[in-house]
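What follows is calculated from the coordinates using simple rules that are stated; it is not laboratory data. Keep in mind it's a predicted model, so treat the numbers as computed, not measured. A quick note on method: Cβ atoms are made from the backbone with ideal geometry, for glycine too, and the neighbour counts reach across all protein chains shown.
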Amino acid sequence: MGYALNFNLIWRHFDKLWGGLLLSLELAVISIAIGTVIGLVLAVWYVSAGRTVRAIIAAYVEFIRNVPLILLVYLVFYGLPTVVDLAYSAPTSFVLTLSVYSGAYLVEVFRSGLEAVPRGQLDAGKAIGLTPWQRLIHVRLPTMLRITLPALSNTFISLFKDTSIASVISVPELTFGAQWINFNTFRIVEVYLVTTAMYLLTGYILLFGLRLVERRFRAAR
Amino acid sequence: MSDATNASPALLDVRDVSKAFGAVDVLRSVSLQVKRGEVVTVIGPSGSGKTTLLRCVNFLESYDSGSIRIDGKEVGYRDAGTRQRRSERDLAAMRAETGMVFQSFNLFPHLTAAGNIMLGLTKVRGKSEAEARQAAEHWLGRVGLAHKADSLPAELSGGQQQRVGIARAVAMEPKILLLDEITSALDPELVGEVLAVVRNLAEDGMTMLMVTHEMAFARDASSRIVFMADGGVSAVGPPKEILAAETSNERLRAFLARFRASHF
């Protein structure tokens with residue numbers, strides 16, 4: 001055992017990790033927010049649409065779910081600008097990619113939730129004279145949310161971790177920060193130990209927050 | 001046809017309504033009238049089309065032919081002849097005039113007892129929150145649940161949930177109340193409290209069409225009883241006549257005999 005752990009160099013460059021973590025969170029929050037809108041809109045559309053629309057939405061979901069995220073990131077960052085006349089920064093490119101990617105997963109979460117809302121509740125909404133839109137807003141979505149919250153938490157945490165892929169196009173998020181420190185100090189064990197701890201801790205805090213929300217909603221089950 | 005101008009004395013006028021699910025005829029030319037203030041009970045073996053008939057009255061189910069009018073207005077279609085379906089907005093407005101209470105309560109699980117009642121009052125009737133809350137409290141009081149206004153459905157017993165279901169329906173001040181086997185999902189000891197509420201409403205003159213297996217209640221509370229078999233109306237009459245053991249209607253006699261055998 002000739003290797004002695006020495007964290008001093010890590011602490012000296014800790015701003016790379018801390019700044020990286022903040023950027024990771026920012027990427028995740030923006031992408032998940034956009035992805036949630038995509039997922040909700042498409043899921044609501046899916047359950048009320050005809051066969052053609054369903055097929056198109058299903059194709060989008062299947063495409064995204066069967067292509068590795070890292071490939072999509074390369075495709076959007078290096079591929080897309082060569083085909084269409086667009087210029088965007090690496091972070092923007094990644095947010096775009098992760099939004100579309102998370103949208104596909106969230107469509108599935110929301111769709112299964114919408115389909116799990118008991119028909120009797122929708123009948124009750126009809127019976128008191130609510131219009132289709134009112135039934136969606138006041139009956140179907142609230143129940144869907146309660147049904148999907150656990151799956152939603154898992155998806156959110158998973159998407160947060162997926163921000164590490166942004167390092168491959170040099171977005172200075174947490175994993176990229178770790179790589180930078182590794183290249184410049186060669187303290188590979190220390191830097192990845194600290195980085196792992198940071199991912200873990202952040203993941204736990206997110207999960208804890210989401211579980212609180214779940215508990216609040218589950219009370220009404 | 002004199003139908004268009006004939007303001008029928010019946011509040012609910014079901015004429016020759018037929019409906020098939022695939023190859024199965026669930027309703028065969030059903031006709032049935034309910035006058036204002038009347039309580040009409042539909043009985044019959046399971047699969048005889050009772051629930052489907054009830055669900056057609058507020059157009060939770062469509063039907064293939066015939067006409068259903070409430071207060072002279074065709075329910076699901078612009079007119080019975082062209083059978084052009086009403087717009088969703090129209091349908092919603094029509095449904096607001098009929099209250100429905102379900103076998104499985106179907107309360108909105110995310111809303112309190114008062115919230116369940118207020119939803120229709122605020123969104124459909126356009127009442128303010130305060131007015132709706134007041135009405136909700138009034139009706140919860142009427143069904144004996146004034147103290148449960150802020151309880152969620154999950155915190156209520158089946159009988160209490162069903163009483164909220166009734167309050168939710170009547171708070172909309174519907175022209176007619178549809179009750180679909182409202183005690184079938186309840187434990188026996190909770191049936192009485194729900195039926196007591198219905199009896200109260202009947203005494204207040206609420207027009208009701210109900211499907212039930214509670215024969216004693218049907219006998220006591222109904223103006224008339226409709227016996228359905230195989231999707232058709234097999235007998236109609238006052239309770240005493242229909243529930244008489246010596247009826248000449250063979251199917252009804254068999255149904256009642258089977259019913260007595262299993263319930264007493």
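Laid out as a table, the results:
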quantity	calculated
Net charge over other residues, Cβ less than 11 angstrom from the Cβ of B:Gly231 (K, R count +1; D, E count -1)	+1
Order of A:Val53, B:Val124, B:Val233 under a 10 Å beta carbon neighbour criterion, fewest first	A:Val53, B:Val124, B:Val233
Convex hull volume per residue in cubic angstrom - Cα atoms of chain A	156 Å³
Sequence-distant lysines (8 or more away, or on other chains) whose Cα lies within less than 25 Å of B:Lys123	A:Lys126, B:Lys73, B:Lys148, B:Lys175
For the protein assembly as shown, projected area of the alpha-carbon convex hull averaged over all directions, nm²	33.3 nm²
Local electrostatic count, B:Arg28, Cβ distance below 12 Å [Lys/Arg +1, Asp/Glu -1]	-3
Where the Cα pairs of the stretch B:155-198 fall when distances are cut into 5 Å bins, in %	5, 23, 35, 22, 11, 4, 0
Residues A:Ala87 and A:Val53, FRET efficiency given R0 of 30 Å [Cβ-Cβ distance, rounded to 0.05]	0.35
Cβ-Cβ FRET estimate between A:Trp45 and A:Phe186, R0 fixed at 45 Å, reported to 0.05	0.30
Residues A:Leu75 and A:Arg216, FRET efficiency given R0 of 51 Å [Cβ-Cβ distance, rounded to 0.05]	0.80
With at most 14 neighbouring Cβ atoms within 10 Å, loop chymotrypsin sites (Phe, Trp or Tyr not before Pro) (DSSP) excluded, longest segment of chain A	A:89-185
Residue among A:Val139, A:Val84, A:Val117 with the largest mean-square fluctuation in a Gaussian network model of chain A, springs linking Cα atoms under 10 Å	A:Val84
Set of lysines with alpha-carbon distance to A:Lys161 below 28 Å, sequence-local pairs under 8 removed	A:Lys16
Projected area, mean over directions - chain B, Cα convex hull, nm²	15.0 nm²
Highest-fluctuation residue, B:Thr212, B:Thr41, B:Thr122 considered, GNM on chain B with Cα pairs under 10 Å	B:Thr122
Projected-area average for the stretch B:17-98 over all orientations - Cα convex hull basis, square nanometres	5.8 nm²
Relative exposure of B:Lys123, A:Lys161, B:Lys50, judged by other C-beta atoms within 10 Å (fewest first)	A:Lys161, B:Lys123, B:Lys50
Rounded Å value of the spacing that divides the Cα centres of the stretch B:145-181 and the stretch A:120-198	38 Å
